[in-house]
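The values are calculated or read from the model by the stated rules, or taken from the named source; none is laboratory data. Computed from a predicted model, the values in this text were never measured in an experiment. As a convention, Cβ positions derive from the backbone with ideal geometry for all residues, glycine included, and neighbour counts pool all protein chains shown. For accessibility, only protein heavy atoms count, side chains too; no ligands or nucleic acids. Shrake-Rupley method; radii C 1.70, N 1.55, O 1.52, S 1.80 Å.
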Amino acid sequence: MTLSRRKTLALIGGGTILAATGAVGYTLTLPPRTALAPWAAAGTYTEPRMRALSYAVLAPNPHNRQPWLVDLRKDGEVTLFVDTDKMLPHTDPFNRQIVIGLGCFLEMMVMAARQDGYDVELDLFPDGTDAKALDQRRVAVARFVPEAGQPDPLFAHVMARRSLKEPYDTTRPVEQAILDQVLAAARETTVAGSVGPEDIADLRMISHEALRIEVETDRTYKESVDLFRIGRREVDANPDGIDFTGPMFEAMALTGTFSREAALDRNSLAYTEGLKAVFANTDTAMGHLWQVTPTNTRVDQIAAGRDWLRLNLAATQAGLGMQPLSQGLQEYPEMDAIYAQLHDRLAPEGGTVQMFARVGYGPEIGQSPRWTVESKIVDA
C-alpha cells in the first residue's frame with residue numbers, strides 16, 4: 001500500500017515542521033526517505049499546535065499538491081492560508097478540489113488536537129471568499145481551547161489511512177452493511193453509496209469515460225504528467241504530485257523507458273500501458289460512495305473535505321479500500337456531459353456532488369503503509 005508522500009510544512013514567519021533529512025541510496029528496492037520523514041515525525045512535537053499540524057500534513061489532497069501555509073505567530077491560534085502556487089488550473093479551474101483538500105487538513109488537525117484534550121474553534125474564510133478562485137485571504141483561523149476536546153475513535157487509523165489506487169479484487173463483494181458503517185462517519189454532508197450490481201456497472205462505465213476524457217484532453221492530461229515524480233530520487237527531490245516508485249519504475253527511470261516525455265507520446269508503450277493501468281482501477285470498483293452539499297460555497301467545500309477524511313478513515317477501519325474518482329466532477333467544458341450525468345444520477349434532488357469514490361478490497365488491504373510525501377507550515 002502506498003501512502004501519499006509529504007513535504008515539510010514551511011511556517012509563515014520562519015521555521016518548519018517535519019524537516020526531512022537523510023541521504024538516499026541507489027538500490028532499486030529502497031523507498032524514498034525524505035518523503036517519509038513526516039510520517040515518522042507525526043505526533044513527536046510537545047507544543048499542541050505543532051503536534052496537531054504534524055498530523056494535519058498527512059491529510060489527503062488533490063494530486064498531492066499539499067497547498068497549505070500556516071501562521072503560528074499568535075499564541076493559541078493557527079491561521080491557514082492557501083499556497084496559490086499549488087493550484088490545478090486545468091482540472092480544477094475554480095479551486096473547488098483544492099478547498100476540499102484544505103478541509104481534510106483542518107479535520108485532521110482538529111482530530112489530532114482533540115486527542116490531546118484541546119477543542120478547536122474554526123472561523124472559516126473570515127475575510128470573505130471568491131467563488132471563482134482562491135487568493136491570499138485567510139482560509140481559516142483555528143483557536144485551540146484547552147481541556148475541551150474529546151478523542152475521536154477514527155483517529156486511531158490516521159497512520160494507516162491512504163487512497164488505495166490499485167485494481168480491486170472482483171471476487172470479493174462489498175457488503176452494503178460495511179459500506180453503511182463507512183457512510184455513518186460523515187457529519188456535515190449528505191452521503192450515500194451503493195454496492196448493487198447495476199449501479200456498479202453503470203458507475204464503472206461513467207468513471208471510465210470521465211477518465212478517458214481527462215487523458216485525451218491535452219491540457220488536463222499534461223497538468224497531471226507535469227506532476228509525475230518518477231523514481232525515488234524525484235520523489236525525494238519533490239515529494240508532492242503523482243509518484244511512480246518501486247523496483248519496476250526505478251528500473252524504467254534508469255533506462256529511460258518511462259519519462260514525462262514518453263507519457264505524453266500517445267503512440268508510446270508508456271502511454272498505452274499507463275492507460276490500461278488506470279482503467280484497471282475504475283473498472284474493478286466493487287461499489288461506490290459519494291458526497292452531496294446543498295450549495296457549492298467555499299464553506300460547503302471545506303465541509304466536504306472534513307467528511308472526506310472521516311470517510312477515508314472509516315474505510316480504513318473497516319478494512320475497505322477507497323479511491324476518489326474526481327474526473328467526472330471537474331468543471332471544464334469537455335467534462336460537462338459527464339458532470340451533468342453524475343449529478344442527475346447521484347443528486348437528483350439538486351445540490352453539488354463534491355466527491356465520488358470507488359470502494360473494494362485490494363491486495364494491499366491489511367498490510368503496513370510504505371511511504372508518503374511532503375508539505376509546508378508558517379511559524380515565528
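Secondary-structure-derived ellipticity at 222 nm for the chain, considering helices only, amounts to -11000 deg cm²/dmol, per-run term -39500 (n - 2.57) for DSSP H runs with n ≥ 4. Annotation: amide H-H contacts under 5 Å for residue 242 (H modelled 1.01 Å from N, sequence separation of 5 or more, or interchain): 228, 229. The aspartates and glutamates within cross-link reach of residue 86, meaning a Cα-to-Cα straight distance under 15 Å and a gap of 8 or more places when in the same chain, are 135, 223, 226, 240, 374.
Using the 1.4 Å probe convention, the accessible area of the chain works out to 40 Å² per residue with neighbouring protein chains retained. Near residue 253, once Lys and Arg are set to +1 and Asp and Glu to -1 for all other residues with Cβ below 9 Å from its Cβ, the sum equals 0.
Ordering 325, 269, 196 by Cα displacement along the dipole of the chain toward the positive end leaves 269 in first place; charges were set at the Cβ atoms of Lys, Arg (+1) and Asp, Glu (-1). Annotation: peptides 152-163, 58-69, ranked by per-residue average of other Cβ atoms within 10 Å with the highest first, follow the order 58-69, 152-163.
Given +1 at the Cβ of Lys and Arg, -1 at the Cβ of Asp and Glu and no other charges, the dipole of the chain around its Cα centre is 900 debye to the nearest 20.
Note on residue 265 and residue 135: with the Förster distance fixed at 41 Å, the Cβ-Cβ geometry gives a FRET efficiency of about 0.65.
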